[in-house]
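Colleague: Supplied in structure tokens, the structure appears directly below.
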Amino acid sequence: MKFKFLILFCIITIIGCRQQSNKSIAPSSWIGKVKMGDTNPELVFNIFKDSLGQLAGNLGIPSKGIQGIPLSQIYIKKDSIVIEISAAQASYRGVFEKNRKTINGIWTEPQYTSPLILAPLTKEIDYDNFKKENTSSLNLESTSDHFNYYSKKEDKKVLDSLSKALESNYLRITTEMQTNFNSKIDVFIYPDLKTFHSAINSTDAPDWVVGAASKNELQMVSPLNPGSEHTYQSLIKAIVHELTHTVVLNIRKQGLVGLPNWLNEGYAYYEAKQLNESQREFIHSQLIDNKIPSWNELEKANNYQFGDLNGYPISATIIEFLVKSYGIDKLKQFIIEPENIKNIYNLSKEDLEVLWLEDLKQKKNTIKN
């Protein structure tokens with residue numbers, strides 16, 4: 001389902017003079033907590049000099065298990081600092097205070113800004129075993145072999161159904177992706193859409209946005225109160241969709257940075273078995289009318305545009321084609337290293353797209369006959 005990756009895509013840029021910034025800040029590490037709905041993650045900025053003596057660095061999000069996101073550029077002008085990562089479309093702009101012991105600034109992403117105060121990092125971070133606190137208003141209501149479930153009392157009765165869906169798919173998906181988790185995955189079930197959208201810091205989200213995922217964490221609205229776009233049964237599938245996302249995040253240290261949206265969402269939609277016959281028929285009608293969005297269009301679309309493009313089921317047909325034609329092991333390689341698509345499939349992205357369209361046309365003709 002649609003969700004904001006927010007912290008999973010991060011950027012920093014600092015505008016000003018490289019030489020001055022080299023003298024005044026590198027090497028150093030800074031940490032600060034940003035307000036993101038119920039999550040409030042800490043960001044860790046590591047700044048150092050590269051082989052040419054220029055500033056370089058990376059970003060980590062301990063609570064997400066994400067590390068090593070490269071900083072695009074780093075600059076300083078007098079007491080002002082800006083850090084950017086171009087792929088993330090986010091930025092941090094701040095001012096040094098208290099003899100450069102604190103940076104007071106603003107974290108900015110598309111459609112979102114938050115105050116962010118950075119202080120020098122004085123401890124080592126264990127990204128693989130980072131213990132995060134529950135900052136939601138939900139209480140731990142039950143556990144299963146691989147999951148902890150948090151909800152309101154009135155939603156406790158739906159947790160058994162969610163647990164069956166999650167546990168019955170957990171081993172299958174983790175085995176396919178050849179990964180495992182160091183601890184149980186936390187599952188947060190919110191009583192209604194308004195509360196859920198507030199928790200993921202997307203108060204303007206449409207009703208079809210019912211789930212979110214990060215590493216070791218799933219969030220979803222209660223199937224007992226699914227809103228206008230979903231049903232109880234569709235949300236039982238949606239939780240498997242979110243499980244797939246967190247499995248993907250478990251094998252990618254840099255989170256979703258560099259991962260095409262159609263690959264991420266298409267794989268989750270495919271594993272959750274959300275693609276139905278009415279959606280296939282609609283995709284075939286789009287094919288007849290030459291209205292199928294290209295892979296590049298799907299890749300460039302933001303979260304909401306992606307949904308408007310019918311991106312979820314269309315992307316699932318791409319995953320179906322790739323798995324059927326080349327196997328799940330190559331798909332895993334593709335998810336980990338999407339930039340190496342030609343080496344993985346021995347074909348360019350454009351050639352694969354042509355073959356996928358031909359496969360769709362064959363399926364359309366089969367349905368007609």
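Colleague: Does Ile318 satisfy being among the aliphatic types (A, V, I, L, M) and closer than 23 Å to Phe282 by Cβ?
Modeller: yes
Colleague: If we scan region 102-110, do we find a residue that is of a type in the set (D, E, K, R) and open to solvent by less than 50 Å² (accessible area, probe 1.4 Å)?
Modeller: Within region 102-110, one or more residues are of a type in the set (D, E, K, R) and open to solvent by less than 50 Å² (accessible area, probe 1.4 Å).
Colleague: Here's a follow-up. Lys342: on the phi > 0 side of the Ramachandran plot and surrounded by fewer than 20 Cβ atoms within 10 Å (Cβ to Cβ), yes or no? Lay out the reasoning, then the answer.
Modeller: Numbers: on the phi > 0 side of the Ramachandran plot: no; surrounded by fewer than 20 Cβ atoms within 10 Å (Cβ to Cβ): yes.
For Lys342, the condition - on the phi > 0 side of the Ramachandran plot and surrounded by fewer than 20 Cβ atoms within 10 Å (Cβ to Cβ) - is not met.
Colleague: All but one of (1) modelled with pLDDT of 95 or more; (2) on the phi < 0 side of the Ramachandran plot hold for Ser285, so report the exception by its number.
Modeller: All conditions pass for Ser285, except number (1).
Colleague: A follow-up question, please. For region 190-218, how many residues are open to solvent by less than 30 Å² (accessible area, probe 1.4 Å), among the polar types (S, T, N, Q) and either over 17 Å from Tyr304 (Cα atoms) or not in a loop (DSSP other than H, G, I, E, B) (or both)?
Modeller: Residues meeting the conditions: 2.
Colleague: Considering only region 352-369, I want to know if a residue exists there that is at pLDDT 95 or above, under 22 Å from the mean Cα position of the chain (by Cα) and charged (D, E, K, R).
Modeller: The answer is no; no qualifying residue exists.
Colleague: Output yes when any residue across region 261-274 is open to solvent by 50 Å² or more (accessible area, probe 1.4 Å) and either of a type in the set (Ser, Thr, Tyr) or touching a strand residue (DSSP E or B) at 6+ places or on another chain (Cβ under 7 Å) (or both), and no when none is.
Modeller: yes
Colleague: Let me ask something else. If only one of Ile61, Ile74, Ile85 is surrounded by 23 or more Cβ atoms within 10 Å (Cβ to Cβ), among the aliphatic types (A, V, I, L, M) and modelled with pLDDT under 80, which one is it?
Modeller: Testing whether each residue is surrounded by 23 or more Cβ atoms within 10 Å (Cβ to Cβ), among the aliphatic types (A, V, I, L, M) and modelled with pLDDT under 80 leaves just Ile85.
Colleague: Take the residues of region 162-189 that are closer than 21 Å to Ser136 by Cβ and of a type in the set (S, T, N, Q): which is most open to solvent (accessible area, probe 1.4 Å)?
Modeller: Among those that are closer than 21 Å to Ser136 by Cβ and of a type in the set (S, T, N, Q), it is Ser183.
Colleague: Can you tell me which of Leu249, Leu235 is crowded, with 24+ Cβ neighbours inside 10 Å, farther than 16 Å from Phe306 by Cβ, under 11 Å from the mean Cα position of the chain (by Cα) and modelled with pLDDT of 90 or more?
Modeller: Answer to the check: Leu249.
Colleague: For the structure I just gave you, tell me whether Ile117 is farther than 28 Å from Val44 by Cβ, of a type in the set (A, V, I, L, M, F, W, C) and assigned to a strand (DSSP E or B).
Modeller: Judged against the criteria, Ile117 is not a match.
Colleague: Please work out if Ile69 is within 17 Å of the chain's Cα centre (by Cα), surrounded by 15 or more Cβ atoms within 10 Å (Cβ to Cβ) and touching a residue at least 60 places away in the same chain (Cβ under 8 Å).
Modeller: Yes; evaluated as a whole, the condition is true for this residue.
Colleague: Taking region 346-362, which residues are open to solvent by 10 Å² or more (accessible area, probe 1.4 Å) and assigned to a helix (DSSP H, G or I)?
Modeller: Lys349, Glu350, Asp351, Glu353, Val354, Leu355, Leu357, Glu358, Asp359, Lys361, Gln362
Colleague: Still on this model: Applying the selection to region 42-58, what residues are over 17 Å from Lys101 (Cα atoms) and surrounded by 21 or more Cβ atoms within 10 Å (Cβ to Cβ)?
Modeller: Leu55, Gly57
Colleague: Return the residue satisfying two criteria in turn: it lies in region 288-320 and is aromatic (Phe, Trp, Tyr) and within 19 Å of Asp204 (Cβ to Cβ), and of such residues it is surrounded by the most Cβ atoms within 10 Å (Cβ to Cβ).
Modeller: Phe306
The values are calculated or read from the model by the stated rules, or taken from the named source; none is laboratory data. Please read all numbers here as calculations on a predicted model, not as lab measurements. All Cβ positions, glycine included, derive from the backbone under ideal geometry; neighbour counts span all protein chains shown. Each accessible area value is taken on the protein alone, full model and side chains, heavy atoms only, with ligands, DNA and RNA left out. Shrake-Rupley method; radii C 1.70, N 1.55, O 1.52, S 1.80 Å.
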